[in-house]
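Step one of this worksheet: look at the structure below.
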């Protein structure tokens, strides 16, 4: 009995030591911002009935998102590249074949992401969320502010702007793109859906260490 009595406190001490180690490791790891990725669709059918479409995804670093607010990210600067680490758009069905294809972040110079006057629930479908516009409109609908240049909207905005010389789609109005750097087919935003966030590297490290510690504890317990 004396040996068993001694063994139980020893096991408790091992558990406490492991938990303390994981806590200290978590405290020492550098804090990282959350990455939010959205899959979006710009539709020619919703714009003027054409068969053109642009599907893509964009990733924002949460620390750079003002919500509510008008976020403008210049992808030619370090801050813009950090705020938008990933951007891919594939154009298909354009009436001018050469502008069909896949475009990535180097093809774009600017991103506008306006979450409206009241802000958005960034964890669910953005298109269709109620905004603070005086007409009771929703995010994704065009409600331009008169004489604004570039056009702005009380209901928010999401536009991409192509670099000069690129045939990537480019903004022509709030929530609208044009293929071929804005000159060929008009496209209307119809969906912008968040992906489930993936665990960050630091989280994976803690999970692995925790599982490894439990496995070691079980082996010692069997011994």
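The values are calculated or read from the model by the stated rules, or taken from the named source; none is laboratory data. This one's a predicted model, so the numbers in the text were calculated from it and none came from an experiment. With ideal geometry, Cβ positions are generated from the backbone for all residues, glycine too; neighbour counts draw on all protein chains shown.
In table form, for the structure just shown:
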{"item": "Check on residue 180, surrounded by fewer than 24 Cβ atoms within 10 Å (Cβ to Cβ), modelled with pLDDT under 95, more than 19 Å from the chain's Cα centre (by Cα) and farther than 29 Å from residue 118 by Cβ", "result": "no"}
{"item": "Count of residues meeting criterion [out of contact with any strand residue (DSSP E or B) (no Cβ under 8 Å at 6 or more places or on another chain) and either closer than 28 Å to residue 83 by Cα or at pLDDT 60 or above (or both)] in segment 21-44", "result": "8"}
{"item": "Pair list, Cβ < 9 Å and 6+ apart or interchain, from segment 42-67 residues that are at positive phi and surrounded by 20 or more Cβ atoms within 10 Å (Cβ to Cβ) to residues that are at pLDDT 95 or above and in a helix (DSSP H, G or I)", "result": "none"}
{"item": "Some residue of segment 156-163 being at pLDDT 95 or above and surrounded by fewer than 18 Cβ atoms within 10 Å (Cβ to Cβ)", "result": "yes"}
{"item": "Residue match in segment 138-152 (condition: modelled with pLDDT under 95, under 19 Å from residue 38 (Cβ atoms) and surrounded by fewer than 18 Cβ atoms within 10 Å (Cβ to Cβ))", "result": "yes"}
